[in-house]
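Undergrad: Here it is, the structure in full.
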Amino acid sequence: MSSRVLFLRNDHTATEAMLGDVFAECGFDIDTFDVVPPEREDDPAGAVVDFPDPTDYDVIVPLGARWPVYDETLRDSWVGAEMDMVRRAVEAGVGVLGVCFGGQLIAQAFGGSVSRSPAPEIGWYEVTTNDERLVPGGPWFQWHYDRWTLPPGATEIARTANASQAFVLGTALALQLHPELDADLLEIWLAQDRDGSVAEIGRSHDELRRQTTELADDAAARLRTLVDGFLRGVVRAVPST
C-alpha cells in the first residue's frame with residue numbers, strides 16, 4: 001500500500017510545484033486540499049474550512065499564502081483550525097512539512113511567535129545549515145515579509161542573515177524558504193506582484209527570472225535531498241512503492 005501526502009493549498013497561487021514531483025518520485029499518492037478559494041482571496045477570513053483528518057495521511061504539507069499567519073481574524077477562523085490540525089498530526093506521528101506560511105503556522109501552533117520582519121526577503125538567498133542531509137545549504141528562493149521565533153523544544157536547522165529558515169519539532173519540519181519554486185510558479189507570483197514588492201527591495205522581475213534559470217536545477221537536486229532527509233530523519237518513514 002502506497003504512502004499518502006496531502007498538500008494544503010492555503011492560497012490558490014501557492015501550489016506544491018516541484019514538491020509534488022519529488023513526493024511522487026518517492027512513491028506517494030498525492031492529494032490536494034484548497035483552503036481559500038480564488039473567489040475569497042480578498043476576504044480570506046470569510047472562508048469556512050472543514051479540514052481533512054490528518055491521520056488519514058502519512059505526511060501533510062501546509063503551503064504558502066500571501067496573508068500574515070498572525071492576523072487575528074484569520075486565527076479566529078481557518079488558521080486556528082489548521083493549527084489544530086497540525087498539532088493533531090504531530091501528536092499522531094504524522095509528518096508535517098510546512099513551507100513559508102506553512103512553516104510559520106507550525107511555529108505559531110507550538111508556542112513560537114510570528115511577526116513582521118525588519119528585512120523582507122524576495123529572491124534567492126544563501127542559506128547556512130547545521131545538517132546538509134536534511135536542509136542542504138546554498139541558494140534557496142524566498143518570498144516573505146514575516147519571520148518566526150522558535151517554539152519551545154524546537155531545533156533550528158538553517159538560517160539566513162535575516163531570518164531562521166528551518167527547524168524541527170517532533171515529526172514536523174518548518175521551512176521559511178520556498179524549495180518548491182520552479183519557473184512556472186515564479187511567473188504566477190510575479191503576475192501577482194501588482195504593488196511592486198520586488199522593486200521595493202531593489203530587485204526586478206527579470207533579475208528573479210534570470211537567477212531562477214541559473215539556480216533552479218541545482219535547487220531541485222537539493223530538494224530531493226531535503227525530502228529524503230525529512231522522510232528518513234524526521235518522520236522516520238520510508239514509503240513503500
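Undergrad: Per Stokes-Einstein, at 37 °C and 0.692 mPa s, what whole-number D in µm² s⁻¹ belongs to region 155-241, with the Kirkwood radius over Cα pairs as the hydrodynamic radius?
TA: Details: Rh = 15.1 Å.
Rounded to a whole number, D works out at 218 µm²/s.
Undergrad: Continuing with the same structure: Heavy-atom accessible area per residue, region 1-157, 1.4 Å probe: how many Å²? Spell out each step's value before the answer.
TA: On the way: 6310 Å² over 157 residues.
The answer is 40 Å² per residue.
Undergrad: A further question follows. Calculate how many DSSP beta bridges within the chain are antiparallel, expressed in % of all such bridges and rounded to the nearest 5. The partial results should precede the final answer.
TA: Details: 20 of 37 bridges.
So the antiparallel bridges amount to about 55 percent of the total.
Undergrad: Right, next: Calculate, in nm to one decimal, what residue 73 and residue 225 gain on full extension: separation in residues at 0.36 nm each, minus their alpha carbon distance. Please report the intermediate quantities before stating the final value.
TA: Working: separation 152, 0.36 × 152 = 54.72 nm, distance 3.71 nm.
Contour length minus the Cα-Cα distance gives 51.0 nm.
Undergrad: How many nm separate the modelled label positions at residue 188 and residue 12, each set 7 Å beyond the Cα in the direction of the Cβ?
TA: Distance between the two pseudo-spin positions: 1.1 nm.
Undergrad: Also: With Cα extents along the principal axes in Å defined as stated, name the option among (1) 50, 48, 32; (2) 54, 36, 34; (3) 46, 39, 32 computed from the structure displayed.
TA: So the calculated entry is the one marked (3).
Undergrad: Follow-up question, since we're still on this one. Given region 1-143, what whole percent of its Cα pairs are spread farther than 23 Å? If you can, show how the numbers build up before the last one.
TA: Numbers: 3725 of 10153 pairs.
Result: 37 percent of Cα pairs exceed 23 Å.
Undergrad: Using only alpha-carbon positions, what ratio does the radius of gyration of region 1-69 give when scaled by 2.2 N^0.38 Å?
TA: Values: Rg = 12.8 Å, N = 69, 2.2 N^0.38 = 11.0 Å.
Region 1-69 yields a ratio of 1.17.
Undergrad: Along each of the three principal axes of the Cα atoms of region 77-155, give the extent in whole Å, ordering the values from largest to smallest.
TA: The Cα atoms of region 77-155 stretch 33, 29, 19 Å along their principal axes.
Undergrad: Run the quick spin-label model on residue 133 and residue 199: label points 7 Å from Cα toward the beta carbon, then report their separation in nm to one decimal.
TA: 4.8 nm
The values are calculated or read from the model by the stated rules, or taken from the named source; none is laboratory data. A quick note: this is a predicted structure, and the numbers were derived from the prediction, not measured. Note: ideal-geometry Cβ built from the backbone for every residue, glycine included; neighbour counts use all protein chains shown. Protein only, heavy atoms only, side chains kept; ligands, DNA and RNA dropped before computing areas. Shrake-Rupley method; radii C 1.70, N 1.55, O 1.52, S 1.80 Å.
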